[in-house]
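Below is one structure; the comments refer to it alone.
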Amino acid sequence: MKINYLDNNPREIQLEEDLPPYMNEGVADDIAEIFSTPLSGAYNWDYTIQDNRIKKLYELGKELNWNVELDIDWNRPLNKITEPTPIFWDEYEPYAKLSDKKKVDFLNHRIAWSQSQFLHGEQGALLVASQLTSCAPTYNAKLYAASQTFDEARHVEAFNKYIQTRTKMMYPIGNALKSILDKILTDPRWDLKFIGMQIIIEGLALAAFQASRELTHDPVLRDMLGLIIRDEARHVTFGINYLEEFVDTLSEEEKEDRAQFAYEACWLSRERLLSTDVYEHFGWDVEDARQFQLGTDINIHFQKLLFQRVMPNLRRIGLLRDSVKDKFEDLGILEFASSKSDAEIDWADLSRPLFEETA
């Protein structure tokens with residue numbers, strides 16, 4: 001075992017020739033970045049089993065486990081992009097000037113960047129879920145957080161295998177996503193971890209996974225995302241149902257603090273959608289490309305699609321307060337607050353078998 005400790009996360013793009021073998025039988029050369037957190041854990045001494053929604057979600061998690069290696073057929077062919085396809089970047093002069101080969105390179109880099117952010121985000125979810133196992137105060141919440149930790153480990157495994165064996169290019173974590181994860185992981189308050197991860201990051205990820213699954217032409221990615229979406233839907237539902245009751249016990253000052261945190265996390269999440277590392281790799285003016293992408297109709301539509309999942313959930317748990325409504329309005333996402341939240345559980349849908357039975 002060899003571990004290299006860094007002060008910050010690596011910023012290099014790993015191309016196919018840079019990636020280590022997916023299954024390395026030799027000595028692994030691990031790279032780690034240390035973060036410190038004043039985490040306060042909690043024992044639970046009553047072991048009360050409440051027969052409630054959290055317990056039912058926990059039981060579903062046990063029933064609907066899946067195996068990355070066995071339950072996905074990884075041997076299906078991958079149809080790679082070989083010619084540029086029509087895209088909103090056609091209207092951006094630096095992209096329009098690229099040769100067809102460079103345009104294909106750009107599109108592949110964008111795909112790799114997006115999938116890499118999924119991978120890094122899932123590692124963040126793994127770390128937060130493990131913290132919640134320790135610091136959640138109730139028995140049911142500890143059990144569920146432990147089961148979610150295993151789910152997140154499976155998601156990290158799945159995205160890592162997909163990137164290393166099919167995409168074959170890995171981007172570093174984006175600065176905005178890293179900032180959100182740093183804030184959540186190092187905050188001592190367990191309920192802020194719940195809010196940041198279960199409501200905002202997991203909510204956005206669920207919407208992004210659903211959109212990616214609809215758009216991809218790769219059956220392997222489609223199947224993998226379908227399984228991950230089933231897990232994530234339980235995670236978001238757990239967060240809402242648990243937090244709705246807890247937030248009601250907070251003081252007005254504490255509620256205000258959580259509402260401001262939720263807004264800041266949403267603002268950063270808007271930035272995490274922008275692939276600035278790709279712009280930099282292609283030698284573009286990063287701020288110019290950023291402003292272009294922010295103003296495109298497809299980006300505005302995609303942002304709205306994602307936040308349609310988050311805003312009603314913030315309203316449901318009581319954190320869409322008057323002090324932050326104007327700020328959300330400025331982000332252009334307040335209108336979604338009246339949409340249906342994920343608090344209402346469709347047990348029939350959540351309980352569906354993972355795989356269709358074949359005759």
Worksheet item: Across the range 282-311, which residue is nearest to the chain's Cα centre (by Cα) among those that are of a type outside the set (V, I, T) and outside any helix (DSSP H, G or I)?
Response: R309
Worksheet entry | Meets criteria (part of a loop (DSSP other than H, G, I, E, B), touching a helix residue (DSSP H, G or I) at 6+ places or on another chain (Cβ under 9 Å) and either of a type outside the set (S, T, Y) or surrounded by 12 or more Cβ atoms within 10 Å (Cβ to Cβ) (or both)) for A343 | yes
Item to complete: Taking L268 as the residue in question, decide whether it is within 18 Å of A176 (Cα to Cα) and not in a helix (DSSP H, G or I).
Response: no
Discussion item. Of everything in the range 279-300, what is surrounded by 14 or more Cβ atoms within 10 Å (Cβ to Cβ), among the aliphatic types (A, V, I, L, M) and touching a residue at least 40 places away in the same chain (Cβ under 8 Å)? Give them in sequence order.
Written reply: A289
Item to complete: Starting from residues that are surrounded by 11 or more Cβ atoms within 10 Å (Cβ to Cβ) and farther than 23 Å from N299 by Cβ, keep the ones in the range 76-99 and report whichever is modelled with the lowest pLDDT.
Response: K80
Discussion item. Quick check on this structure: which one of K178, K103 is surrounded by 17 or more Cβ atoms within 10 Å (Cβ to Cβ) and under 16 Å from the mean Cα position of the chain (by Cα)?
Written reply: K178
Item to complete: Considering each residue of the range 1-58, count those that are modelled with pLDDT of 85 or more, part of a loop (DSSP other than H, G, I, E, B), within 19 Å of G124 (Cβ to Cβ) and touching a strand residue (DSSP E or B) at 6+ places or on another chain (Cβ under 9 Å), and give that number.
Response: 1
Practice prompt. Scan L225, L243, L206 and give me the residue that is part of a helix (DSSP H, G or I), surrounded by 18 or more Cβ atoms within 10 Å (Cβ to Cβ) and more than 14 Å from the chain's Cα centre (by Cα).
Written response: L243
Fill in: Enumeration of residues in the range 152-181 that are of a type in the set (S, T, N, Q) and either free of Cβ contacts under 8 Å to residues at least 40 places away in the same chain or touching a Phe, Trp or Tyr at 6+ places or on another chain (Cβ under 7 Å) (or both)
Q164, T165
Item to complete: Might you check whether a residue that is in a loop (DSSP other than H, G, I, E, B), at positive phi and loosely packed, with under 14 Cβ neighbours inside 10 Å occurs anywhere in the range 312-319?
Response: no
Item to complete: Mind listing whichever residues of the range 258-286 are of a type outside the set (F, W, Y) and closer than 15 Å to I199 by Cβ?
Response: R258, A259, Q260, A262, E264, A265, C266, L268, S269
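The values are calculated or read from the model by the stated rules, or taken from the named source; none is laboratory data. What you see is a predicted model; the values in this text were computed from it and never measured. Because the Cβ atoms are built from the backbone with ideal geometry, glycine has one as well, and the counts that use them run over all protein chains shown.
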